[in-house]
Amino acid sequence: MKFSLICVLTAILLFPGVSMAKDAVNIKAGNFKMGCSLGDSDCGGDEGKKGGVTVNVPAFSIDKYEVSVAEYRNCMKSGKCSRPKDNDRNQYCNLDAKDRDDHPINCVDWDQALAYCSWVGGRLPLEAEWEKAARAGTQSRYPWGQDVTCKQAIVDDGKTMGSVPNEPDGCGEDRTWARGSRAANALGLFDMHGNAGEWTANWYAPNAIGSLYAKGNLKGPSESRQRVVRGGSWDENKGNLRSSYRNVKPPISGDTVYGSIGFRCAYDG
């Protein structure tokens, strides 16, 4: 027991990112229905056929929470992560904002998210992995049912007001919230819908769900112009928080700032 403890402590000292994967949730291998939910009239053409298609996903693990500002800052200190855009560029970026260490890191480009996940011994989740984890065994628009309010997720619901006058974004706060401020889904995962949108590993292809993922090609196209972002965010309407909704963004933000995008990591096996 003493030897094992020494090994663990040594690993944490030598590879400080390793300890950050401790809150990952294991997702068992198996099939699930991916894409447009039954009874969903808001599906886009890229969400596949109504009722979804069967996709088989091998076992994997995924972070219980979105990666936080504090966790990403530790990676920056290690020299393995670069500085994302911050409040000097956009007031919604969390890195240098007051009292947001436990908010999701945002304003990160795709390669910055990948670098962090590599540092902790993981990777970005495949799009099919992300949706399987987000659905948590359900086939409805959201894992809790057919509608969403600020009781379930951090969203722009068009009506909830808070400390920012006349601003329903972020449930009235016009920003992200601390991670885990809403209940977890049935798998124990927090903020899969809302708060920060989440980068996935995949390049975007409009027909990927039916023509690639359903046929076993979970990695999708080898290249494209945009990466897939899932989950919706604090400044998006409730339609964008649906389990099947596919957002897309260029992996490099350029002159824009991705104030609504963060990420979580996945791990093999």
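Some values worked out for this structure:
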{"item": "Pair list, Cβ < 6 Å and 6+ apart or interchain, from region 97-122 residues that are under 24 Å from Arg225 (Cα atoms) to residues that are of a type in the set (Lys, Arg)", "result": "Cys107/Lys85; Trp110/Arg227; Cys117/Arg123"}
{"item": "Sole exception among (1) within 30 Å of Gly210 (Cβ to Cβ); (2) at pLDDT below 95; (3) of a type in the set (Asp, Glu) for Glu131, by number", "result": "(2)"}
{"item": "Matching residues, region 20-40, being small (Gly, Ala, Ser) and over 16 Å from the mean Cα position of the chain (by Cα)", "result": "Ala29, Gly30, Gly35, Ser37, Gly39"}
{"item": "Arg182 in contact (Cβ under 8 Å) with a residue 40 or more places away in the chain and either surrounded by 17 or more Cβ atoms within 10 Å (Cβ to Cβ) or within 16 Å of the chain's Cα centre (by Cα) (or both)", "result": "no"}
{"item": "Those residues of region 189-207 which are assigned to a strand (DSSP E or B) and surrounded by 21 or more Cβ atoms within 10 Å (Cβ to Cβ), in sequence order", "result": "Gly197, Glu198, Trp199, Thr200, Ala201, Asn202"}
{"item": "Residue that is touching a residue at least 40 places away in the same chain (Cβ under 8 Å) and over 21 Å from Ile154 (Cβ atoms), where the choices are Gly44, Gly79", "result": "Gly44"}
{"item": "Residues that are surrounded by 15 or more Cβ atoms within 10 Å (Cβ to Cβ) and aliphatic (A, V, I, L, M), drawn from region 31-40", "result": "Met34"}
{"item": "One residue from Gly210, Gly232 being within 16 Å of Cys43 (Cβ to Cβ), in contact (Cβ under 8 Å) with a residue 60 or more places away in the chain, assigned to a helix (DSSP H, G or I) and touching a Gly at 6+ places or on another chain (Cβ under 7 Å)", "result": "Gly210"}
{"item": "All positions within region 214-229 that are outside any loop (DSSP other than H, G, I, E, B), touching a residue at least 24 places away in the same chain (Cβ under 8 Å) and basic (Lys, Arg)", "result": "Arg227"}
{"item": "Tally of residues being in contact (Cβ under 8 Å) with a residue 40 or more places away in the chain, in a loop (DSSP other than H, G, I, E, B) and surrounded by 20 or more Cβ atoms within 10 Å (Cβ to Cβ) across region 155-179", "result": "7"}
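The values are calculated or read from the model by the stated rules, or taken from the named source; none is laboratory data. Because the structure is a prediction, the values reported are computed rather than measured. All Cβ positions, even for glycine, are placed from backbone atoms using ideal geometry, and neighbour counts span all protein chains on display.
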